[in-house]
Amino acid sequence: MTTYISLNHGSGGRASQQLISKMFLKYFNNEYLNQLTDSAIIESEKSHFAFTTDGYVVEPIFFPGGNIGKLAVCGTVNDLAVTGAIPKFLSTSFIIEEGFSMDDLEKIVATMSHEARQTGVSIVTGDTKVVPKGKCDKIFISTAGIGILPETYRWIASGRKVKIGDKLIINGTVGDHSIAILSARESLQFESSIISDCAPLNHLIQQALDICPDIAFMRDVTRGGLATVVNELAEMTGLGIMLHENSIPVNENTMGICELFGFDPLYLANEGKVLMVVPSEKATEVVNCLKKNEYGKQAAIIGEVVEQHPSKVVLETITGGKRLLEMPTGVLLPRIC
Ligand code: MG
């Protein structure tokens, strides 16, 4: 490991993985944490719980399509929902810089309340700390969440049900969140109509589970983008993944800005996207179900689990070529969520 923490350690990519395995897992090591699932799955006498936590440091705190409070609720709800759990309770902890506007705080808190109602979770506990001016940047929020996990979905988070032939599905365009944040940054003023995809996915996921209880795996596609999540899937299952670039939905404007800045949308962050792995014969039915939900209108089958290249992801490009799609090694944009 390096001597100092760098921005790369917060990227969600390879450096983040190393920090987790060589620092946090080394000391916190236990059977629940070691699974590295979106939420820990905890057994009690009668049932299973999903339990997760996240910190939000997005800059700027207000951006097209949302604000830090919307991210804080949706991000934690989505981490619970992708395990198959029904999100129930959230905690929220605010670290606020002295001098922060009370009006802005109220906007953020009102958004959190709205999102909590929309998703059906209750914010049941919280904490507030204020630090002297200059000791944090405006406001940071941490939320933890608990959901109830039906026995049927016990293994979704683990990926152990994934098999060769299964199809990969995404519920819409990739990369919009990163571009929305980028366009909102004062230092990078350019015109963009792109809004963040930040959204709670628990109802969409529940609808998909209702028609296809044997969804083999789900993960929300956040920091590090689709390329990261698909690589995590390949590594955790030891199976090969083939992605088809021309099937992956990308907003035309997002693509335009990616070309301008030299970004690959497959590595950009999302806040309202879920990757699903489903048995081949159910794939079309699941896509049609997702399309009926407002957060799944552009859902598509984007690839499949294959026998070739175990633990690796291969992208069939728009031009028909094939290349290895690797895990990102550096940070593209810090403080994206
Ligand atoms: Mg996640």
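Looking at the range 102-114, which of the residues that are open to solvent by 80 Å² or more (accessible area, probe 1.4 Å) and charged (D, E, K, R) is farthest from TYR56 (Cα to Cα)?
By that ranking, first place goes to ASP103.
Can you pull out every residue in the range 63-105 that is within 16 Å of the ligand (Cβ to nearest atom) and of a type in the set (Ser, Thr, Tyr)?
THR76, THR83
Of all residues in the range 115-126, count the ones that are closer than 16 Å to PRO200 by Cα and either touching a residue at least 12 places away in the same chain (Cβ under 8 Å) or open to solvent by less than 90 Å² (accessible area, probe 1.4 Å) (or both).
Of the residues in that region, 8 qualify.
Of all residues in the range 232-241, which are over 14 Å from the mean Cα position of the chain (by Cα) and within 16 Å of the ligand (Cβ to nearest atom)?
GLU235, MET236
With the requirement that a residue be in contact with a helix residue (DSSP H, G or I) (Cβ under 9 Å, 6 or more places away or on another chain) and without any contact (Cβ under 8 Å) to a residue 60 or more places away in the chain, what does the range 48-90 give you?
Residues satisfying the conditions are ASN67, LEU90.
Against the definition (among the aliphatic types (A, V, I, L, M) and open to solvent by 60 Å² or more (accessible area, probe 1.4 Å)), how does ILE318 come out, yes or no?
For ILE318, the condition - among the aliphatic types (A, V, I, L, M) and open to solvent by 60 Å² or more (accessible area, probe 1.4 Å) - is met.
Collect the residues in the range 248-269 that are polar (S, T, N, Q), open to solvent by 40 Å² or more (accessible area, probe 1.4 Å) and part of a helix (DSSP H, G or I), keeping them in residue-number order.
Listed by number, the list holds a single entry, ASN253.
Just give me the residues in the range 33-62 being more than 16 Å from the ligand (Cβ to nearest atom) and open to solvent by less than 20 Å² (accessible area, probe 1.4 Å), in sequence order.
Within the range 33-62, just ILE61 meets the criteria.
Consider only pairs whose beta carbons are under 6 Å apart and that are at least six residues apart or on different chains; among these, list those whose first residue lies in the range 199-227 and is on the phi > 0 side of the Ramachandran plot and whose second residue is more than 13 Å from the ligand (Cβ to nearest atom).
Within 6 Å, the pairs are GLY224/GLY13; GLY224/PRO328; GLY225/LEU266; GLY225/TYR267; GLY225/LEU268.
Cβ-Cβ below 9 Å, separation at least six or inter-chain, first residue in the range 133-144 and open to solvent by less than 50 Å² (accessible area, probe 1.4 Å), second assigned to a loop (DSSP other than H, G, I, E, B) and aromatic (Phe, Trp, Tyr): which pairs?
Qualifying pairs under 9 Å: ILE139/PHE100.
Could you please let me know if SER44 is more than 30 Å from THR254 (Cα to Cα) and hydroxyl-bearing (Ser, Thr, Tyr)?
Judged against the criteria, SER44 is a match.
Which ranges mark the strands (runs of 3 or more DSSP E) fully within the range 129-225 that have 2 or more residues being within 16 Å of the ligand (Cβ to nearest atom) and modelled with pLDDT of 95 or more?
Hits in the range 129-225: 139-149, 217-220.
From the list GLY65, GLY69, GLY75, GLY10, which residue is touching a Pro at 6+ places or on another chain (Cβ under 7 Å) and buried (at least 18 other Cβ atoms within 10 Å of the Cβ)?
GLY10
The values are calculated or read from the model by the stated rules, or taken from the named source; none is laboratory data. In this text, all values refer to a predicted model and were calculated from it rather than measured experimentally. Reconstructed Cβ throughout: ideal geometry from the backbone, glycine too, with neighbour counts over all protein chains shown. Note: accessible area is taken over every heavy atom of the protein model, side chains too, but ligands, DNA and RNA are not part of it. Shrake-Rupley method; radii C 1.70, N 1.55, O 1.52, S 1.80 Å.
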